[in-house]
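Below: one structure, written as structure tokens.
The values are calculated or read from the model by the stated rules, or taken from the named source; none is laboratory data. Bear in mind the structure is a predicted one, so any value in this text is a computation, not a measurement. Counting neighbours? That spans all protein chains shown, and the Cβs are built from the backbone with ideal geometry, glycine included. Note: areas computed on protein heavy atoms with side chains; ligands, DNA, RNA excluded. Shrake-Rupley method; radii C 1.70, N 1.55, O 1.52, S 1.80 Å.
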Amino acid sequence: QVQLVESGGGLVQPGGSLRLSCAASPSIFTIYIMGWFRQAPGKQRELVATITRTHITDYADSVKGRFTISRDNAKNTVYLQMNSLNTEDTAVYFCNRIPWGAIWGQGTQVTVSS
């Protein structure tokens, strides 16, 4: 059974930081590349970061240098450290495998506002 549980979101001021976590079921975590996505109001869901099982990472240009994706293979958990947040980072953040599956978690809301 596929399960994705995101956490760690919240309200933060511009320039602040947050660390998101996603606990994934072993059936996908042990096989797939994992990614963080986000969806802002009125916009399409976008992929912001990916990480392979061997910790090779890639980032969207909009977050490069500010966000860091990591994973703990022993805990089936993927993280997203977000620094220097700005208002354009406000969105619901989701994790999923790459390519993404049909099942999504509930996401975690990140709001950047003064």
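Taking the range 53-71 as the range and being open to solvent by 30 Å² or more (accessible area, probe 1.4 Å) and not charged (D, E, K, R) as the test, the residues that pass are 54, 55, 56, 57, 59, 62, 65, 68, 70.
Taking the conditions exactly as written (surrounded by 13 or more Cβ atoms within 10 Å (Cβ to Cβ) and part of a loop (DSSP other than H, G, I, E, B)), does residue 35 satisfy them or not? Against the criterion (surrounded by 13 or more Cβ atoms within 10 Å (Cβ to Cβ) and part of a loop (DSSP other than H, G, I, E, B)), residue 35 does not qualify.
From 49, 23, 40, grab the single residue that is under 14 Å from the mean Cα position of the chain (by Cα), open to solvent by less than 20 Å² (accessible area, probe 1.4 Å), under 30 Å from residue 113 (Cα atoms) and aliphatic (A, V, I, L, M). Exactly one of 49, 23, 40 is under 14 Å from the mean Cα position of the chain (by Cα), open to solvent by less than 20 Å² (accessible area, probe 1.4 Å), under 30 Å from residue 113 (Cα atoms) and aliphatic (A, V, I, L, M), namely 49. Among residues of the range 57-73 that are more than 17 Å from residue 94 (Cβ to Cβ), those with a beta-carbon under 9 Å from a residue that is among the charged types (D, E, K, R) and open to solvent by less than 60 Å² (accessible area, probe 1.4 Å) at least six positions away or on a different chain give the pairs 66/89. Scanning the range 27-62 for residues that are among the small types (Gly, Ala, Ser) and more than 17 Å from residue 85 (Cα to Cα) returns 27, 35, 42. Of all residues in the range 89-109, how many are in contact with a Ser or Thr (Cβ under 6 Å, 6 or more places away or on another chain) and either part of a helix (DSSP H, G or I) or closer than 16 Å to residue 76 by Cα (or both)? So the answer is 1. If you scan the range 72-101, which residues turn out to be surrounded by 13 or more Cβ atoms within 10 Å (Cβ to Cβ) and among the hydrophobic types (A, V, I, L, M, F, W, C)? Answer for the range 72-101, where residues must be surrounded by 13 or more Cβ atoms within 10 Å (Cβ to Cβ) and among the hydrophobic types (A, V, I, L, M, F, W, C): 78, 80, 82, 85, 91, 92, 94, 95, 98, 100.
Entry remark, the range 89-114: residues being of a type in the set (Val, Ile, Thr) and closer than 14 Å to residue 4 by Cβ number 4 in total.
For the range 39-56, give me each residue that is free of Cβ contacts under 8 Å to residues at least 12 places away in the same chain and in contact with a Lys or Arg (Cβ under 7 Å, 6 or more places away or on another chain). Once the filter is applied, which keeps residues that are free of Cβ contacts under 8 Å to residues at least 12 places away in the same chain and in contact with a Lys or Arg (Cβ under 7 Å, 6 or more places away or on another chain), the range 39-56 yields nothing. When the range 1-20 is filtered for residues that are farther than 16 Å from residue 111 by Cα and part of a strand (DSSP E or B), the ones remaining, listed by number, are 4, 5.
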